[in-house]
1. Using a Gaussian network for the chain with springs between C-alpha atoms less than 10 Å apart, which of these wobbles most: Ile140, Ile49, Ile96?
2. Counting pairs of alpha carbon atoms under 8 Å apart in space and at least six apart in sequence, what relative contact order in percent does region 16-66 give?
3. I need the shape label for region 75-149. Rule: rounded when a/c is under 1.5, else prolate if a/b > b/c, else oblate, with a, b, c from the alpha carbon gyration tensor.
4. Count the DSSP beta bridges whose two residues both fall in region 44-152, then state the antiparallel fraction as a percent rounded to the nearest 5.
5. Convex hull over the Cα atoms of region 16-66, averaged projected area in nm²?
6. Could you work out the mean projected area of the convex hull around the alpha carbons of the chain, in square nanometres to one decimal?
7. Counting alpha carbon pairs within less than 8 Å and at least 6 residues apart, what relative contact order, in whole percent, applies to the chain?
8. For a protection proxy built on the mean count of beta-carbon atoms within 10 angstrom, sort 101-110, 124-133 highest first, please.
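All of the numbers you see were taken from the coordinates with simple rules; none came from a lab. The structure displayed is predicted, hence computed values, not measured ones. Cβ coordinates were reconstructed from backbone atoms using ideal geometry, including for glycine residues, and neighbour counts include every protein chain displayed.
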Amino acid sequence: MELQNLKPVEGSIKNKKRAVGRGEGSKKGGTSTRGHKGAKSRSGYSRKIGFEGGQQPLQRRVPKFGFTSPNRVEYNGVNIDTIESLVNSKKLKSSIVKKDLMNNGLVQKNDLVKILGRGNLTVKINIEADAFSASAKLSIEKAGGTATIIEK
């Protein structure tokens with residue numbers, strides 16, 4: 001037993017906040033540690049998110065910029081070298097559909113899949129996906145496979 005290991009017995013220390021606002025005898029009555037007057041002393045007060053004491057808040061100081069197109073189509077990219085390594089490790093067959101990519105954790109159920117052209121393809125593979133980059137399509141066809149776009 002050492003000095004830094006000593007702790008009070010379980011239940012012997014009471015929460016000092018318990019007596020706040022419970023009369024003058026508690027020494028925490030009166031203003032109940034809230035100070036005098038002002039919004040913070042009143043019940044129901046809650047500061048707005050981002051409030052900086054009257055100073056112009058950060059989200060209003062920083063200018064707005066950019067544009068988000070409502071028609072943007074977001075694809076989840078899968079590179080050829082990733083597919084080839086899975087084929088070589090016998091996790092994927094020579095014919096690949098979206099479900100195969102889902103089972104190997106490369107894409108989610110509702111993702112649109114785009115095959116990208118990073119890496120070299122040496123294995124003949126037939127792939128079905130939502131989109132292909134030009135270099136990926138060229139690489140797949142060069143290796144003797146086919147790149148088929150899924151019709152929606």
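1. Ile49
2. Values: 27 pairs, mean separation 7.9, N = 51.
Taking the mean separation of contacting Cα pairs over the length of region 16-66, I get 15 percent.
3. Working: a/c = 1.63, a/b = 1.18, b/c = 1.38.
Cα axes put region 75-149 in the oblate bin.
4. Working: 1 of 14 bridges.
Just about 5 percent of them are antiparallel.
5. On the way: hull surface 22.0 nm².
Over all viewing directions, region 16-66 projects a mean Cα-hull area of 5.5 nm².
6. Values: hull surface 88.9 nm².
The Cα convex hull of the chain, projected and averaged over all directions, gives 22.2 nm².
7. Values: 162 pairs, mean separation 21.6, N = 152.
Normalised by residue count, the contact order of the chain is 14 percent.
8. Working: 101-110: 13.6, 124-133: 19.3.
Packing proxy ranking, top to bottom: 124-133, 101-110.
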